[in-house]
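Chemist: Dumping the structure here so I can ask a few things about it.
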Amino acid sequence: MAFSAKTPRSLIKSDLPSPIHRKLRKQKFLYFWNRRKTHQISSTQPQQQLSFLNTNSLNSSDPNSHLHLLCINGKLQEALNYLDSMQELQIPLDEDTAIGMVRLCEWKRAFEEGSKVYCYVSNSSNSLSLRLGNAFLSMFVRFGKLGDAWYVFGKMLERDVFSWNVLISGYAKKGFFDEALCLYHRMLWVGFKPDVYTFPCVLRTCGAVPNLERGKEVHVHVIRFGFEADVDVINALITMYVKCGDLPKARLLFDKMARRDRISWNAIISGYFENGEYLEGIRLFFKMREHWFDPDLMTMTSVISACESLGNERLGREIHGYVIVTGMSADVSVCNSLIQMYFSLGCWETAEKVFDRMEWRDVVSWTAMISGYENNVLPDKALDTYRMMELHGFVPDEITLASVLSACAYLGKLDMGIKLHELAKRTGFISYIIVANTLVDMYSKCKCIDKALEVFHSIPDKDVISWTAIILGLRLNNRCFEALIFFRQMKVSLKPNSVTLVSVLSACARIGGLMCGKEIHAYALRTGMALDGFLPNALLDMYVRCGRMGPAWNQFNSQKKDVSAWNILLTGYAQRGQGKLAVEFFNRMIKSNVSPDEITFIPLLCACSKSEMVTEGLKYFNIMELKYGVTPNLKHYACVVDLLGCAGQLEEAYEFIQEMPIKPDAAIWGALLNACRIHRQVELGEFAAQRIFESDRRSVGYYVLLCNLYANSGKWDEVAKVRKMMKDNGLVIDPGCSWVEVKGKIHAFLSGDDFHPQINEINALLEGIYEKMRVAGLGGPKCDSMDGVEISKAEIFCGHSERLAVAFGLINTVPGTPIWVTKNLYMCQSCHSTIKFISKIVRREISVRDTEEFHHFKDGICSCGDVEILGKALTNTTSERN
């Protein structure tokens, strides 16, 4: 047998100190010290010395037999005390007794006691016999102490195949697969013939790596040494081949078996399941029953999991019936698999019945219920089940904590999330990356992004999910700049997946980072991820939000056109107020045999509202359920209220709310409040605001609308009261921020920003423009028609940051280059007039996307039609824009 290239030339170094050699020295020192102490005691206390020889302490006729009897009876502590007495009197320990002591320590899982026995034996001999060495090998391998096992192996004068088998299995069980295979080759090299126990261990190692070439080599050894008919060896070969993905070879071995057992069937059935061949695995399961082999618990759990993967509810229920008939429904592992299957199939009520009928439950049972509720978007039930779990005295594991934290994230239950964080710290589960990643996600969705960053930075070995969670968290908290920075840092050490790219593209879309989005698009094409999951639609959404409808159409035509893709383009037309184009696009969607969903009608109704297409909007609302089977929800009702209200039909809008079949929420009353602001209907607007604040007192956007209603009607005292109410509730309006992309880099400008390196040039350019506006009779940015309060209101609710971004773009781009700006607040009338003027005098196209719509300025004309700007908005909160 040729020596393996990976096999070390000298695996055994018996001259090296043992890992427990320090214990040996300490025991020797105590041994001699105790011996001197005994002699001293004997001269003064002869009665105590005599006690060592009475029958209660030491059988003087045959101490080894007495010690052996204690080992047989499992009295470990008494045996150790008796051994200490023998050591004091220097009575030698014979081999059979020593082996009995070692086996007792192994059986009792008593590592310290086993080490003590080893120390005693090592004191009396520098080498170990075959039987005693094998006993110590087995014990140390059982305890996972491979270093000690190596030292014992080196001290053995003689070794047999059992010695090698024990050491090989020890390394394999600890995950040192390459070392285990090297040991196997070393065993062959020194002349030992493998036995029926060697091959299953070595073949499991080949499957675990997985290493098909090594496995085939071992297969040749199986034939060479004559074990090709042994059932256990063939079962191990089948398992090895399926682990290495060679199903045809595994099936060939299985079909050629002259005799099979239940393990043979389990190996091939689970092999098909593991390789995604679920139907063939199910066929083999039924064939197994035809051959009069009764499936065991392992068979049933794998078959139930296959039904889950197939998504076949009917088959799953049939298997459930078989489980009940065969009496296996009492087994907790089978019930856990059934619970998981039913949740995966969406049959959570049936999963509850299985859980309720369980006589005994373990942590996995509770975790299956909690994670099942969480995956089926039933977070309230998940939290209730967790509380029940605590009442029943079960301690959660890392999977439980992760599932409960996900439910907290969905519901925004920050207080409970913090308690779970503390529990994770106390129990040590915070070290599990799945728990840490879920904590990052929970804090991000609960708007505690700084706490999420703290948890993220504490993760020692971050994986792709860690980075994706914090990137998405930063995006959700409107810190898109940082999200892009983290993405670049991630790429240094890890390869992002499609979910990561979707999160980064969302950040690019938010701040108008077109070039960054294009870079990600190119990266997705290079890495073959451009068609993975939701990534094509994320790219489409990025182009639409960046205002590039041409590239958006190219992306749309190159990808799978599902309903989400149609909805994204439809949203693009709605944002631009292009109602007619939106209707035409919807009709094209219907002709393409794509069924609209509930999301489709939201941008369609919004487009009709912005284009004042009231008749068309009402028509689509009325037929969405009758013709397309889509039941209107609260968002659709809010769109209709906005449609009627913006068109001046306030009474009809109010009557529509009164006749709604479901209770209106704050967004619906907010749509009415916005319409009252536009048409200055203070009384109805105040009524709508009262309804809003009954259920939502934390959303800043509603206070802004109410302020604008009072301001437009000249009720400044009421404006002051609303501002005070906001202050008392701890609410603040986000500072205005605008982003502009120049030469592939994104530049951000805050309201009143005086720290930008080019701020002097920017201010000088703007002052020159204001002077030209005054010369042209436009009155500059603060014309005489605007009083002080109106100017103050514009500065608060707008911030004018888009002016800085536009000026920066003018300075740093060549003449004629279009300028694209994205803003986090609404554009005021003053900024709108200013940028209109700029587009005319510099002869450039300027696009500004605020929270409501795109404003395309060209030759002094805006695409919005110069309708009133300030405050015209959807009634979402200012912190939940786009």
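The values are calculated or read from the model by the stated rules, or taken from the named source; none is laboratory data. Fair warning: this is a prediction, and the values are worked out from it, not measured in the lab. Don't worry about glycine lacking a Cβ; one is built from the backbone with ideal geometry, like all the others, and counts go over all protein chains shown. Note: accessible area is taken over every heavy atom of the protein model, side chains too, but ligands, DNA and RNA are not part of it. Shrake-Rupley method; radii C 1.70, N 1.55, O 1.52, S 1.80 Å.
Chemist: In this model, which of LYS413/LYS724; LYS116/LYS145; LYS772/LYS840 are farther than 18 Å apart at the alpha-carbon?
Modeler: Pairs exceeding the cut-off: LYS413/LYS724.
Chemist: Give a quick list of chymotrypsin sites (Phe, Trp or Tyr not before Pro) in the range 300-380 that DSSP marks as loop, anything other than H, G, I, E or B, with at most 10 other Cβ atoms within 10 Å. The partial results should precede the final answer.
Modeler: Values: sites: TYR322, TYR342, PHE343, TRP348, PHE355, TRP360, TRP366, TYR373; in loops: TRP360.
Passing both the DSSP loop test and the Cβ count: TRP360.
Chemist: Full extension from ASP415 to LYS108: what is 0.36 nm times the residue separation minus their Cα-Cα distance, to one decimal in nm?
Modeler: Values: separation 307, 0.36 × 307 = 110.52 nm, distance 4.45 nm.
Full-extension gain reported as 106.1 nm.
Chemist: Would you mind putting 590-597, 486-493 in packing order, based on average other-beta-carbon counts within 10 Å, highest first?
Modeler: 486-493, 590-597
Chemist: Suppose a student asked you for the relative contact order of the chain, using Cα pairs under 8 Å spaced at least 6 residues apart; what percent would you report?
Modeler: Contact order relative to length: 5 percent.
Chemist: Over the range 633-733, consider all pairs of different Cα atoms and compute the Kirkwood hydrodynamic radius from their mean reciprocal separation; express it in Å, one decimal.
Modeler: For the range 633-733, the Kirkwood estimate is 13.5 Å.
Chemist: Sticking with this one: For the chain, the longest stretch holding no GluC sites (Glu not before Pro) located in a DSSP loop with at most 10 other Cβ atoms within 10 Å is which?
Modeler: Result, exposed sites excluded: 1-358.
Chemist: May I ask for the distance between the Cα centers of the range 252-324 and the range 538-564, given as a whole number of Å?
Modeler: Their Cα centres are 45 Å away from one another.
Chemist: If DNA, RNA and ligands are ignored and the probe is 1.4 Å, what is the ranking of ASP178, ASP296 by accessible area, most exposed first? Show your work: numbers first, answer last.
Modeler: Working: ASP178 75, ASP296 50 Å².
If we order ASP178, ASP296 from most to least accessible, we get ASP178, ASP296.
Chemist: Just to confirm the number: angle between the C-alpha axis of helix 63-72 and the first principal axis of the chain, 0 to 90 degrees, nearest 10?
Modeler: Helix 63-72 and the main axis of the chain meet at about 40 degrees.
Chemist: Putting +1 on Lys and Arg Cβ atoms and -1 on Asp and Glu Cβ atoms, find which of TRP348, VAL332, LEU484 reaches farthest to the positive end of the dipole of the chain.
Modeler: In the chain, that residue is LEU484.
Chemist: For the chain, just run the numbers: alpha carbon Rg, then divide by 2.2 N^0.38 Å, N being how many residues it has.
Modeler: Details: Rg = 38.1 Å, N = 882, 2.2 N^0.38 = 29.0 Å.
Against the compact-globule rule of thumb, the ratio is 1.31.
Chemist: How much of VAL363 can a 1.4 Å solvent probe reach, expressed as accessible area in Å² and rounded to 10?
Modeler: Rounded to the nearest 10, that gives 40 Å².
Chemist: Roughly how many Å² is the accessible area per residue of the chain, as a whole number, for a 1.4 Å probe?
Modeler: For the chain, the per-residue accessible area is 47 Å².
Chemist: Could you state the angle between the C-alpha long axis of helix 788-797 and the longest principal axis of the C-alpha atoms of the chain, as a value from 0 to 90 degrees rounded to the nearest 10?
Modeler: It is inclined by approximately 30 degrees.
Chemist: Amide H of MET156: which non-local residues (sequence gap of 5 or more, or other chain) have their own amide H closer than 5 Å, using H built in the peptide plane?
Modeler: LEU128
Chemist: Relative contact order for the range 633-733 using alpha-carbon pairs under 8 Å, separation at least 6, rounded to a whole percent?
Modeler: Computed value for the range 633-733: 22 percent relative contact order.
Chemist: So, one more: Considering only the chain, what is the antiparallel percent among its DSSP beta bridges, to the nearest 5?
Modeler: About 75 percent, rounded to the nearest 5.
Chemist: Nearest 10 degrees, 0 to 90: what angle lies between the long axis of helix 76-88 and the longest principal axis of the chain (Cα atoms)?
Modeler: It is inclined by approximately 50 degrees.
Chemist: Quick check for me: using +1 on Lys/Arg Cβ and -1 on Asp/Glu Cβ, what's the dipole size of the chain about its Cα centre, in debye to the nearest 20?
Modeler: 2500
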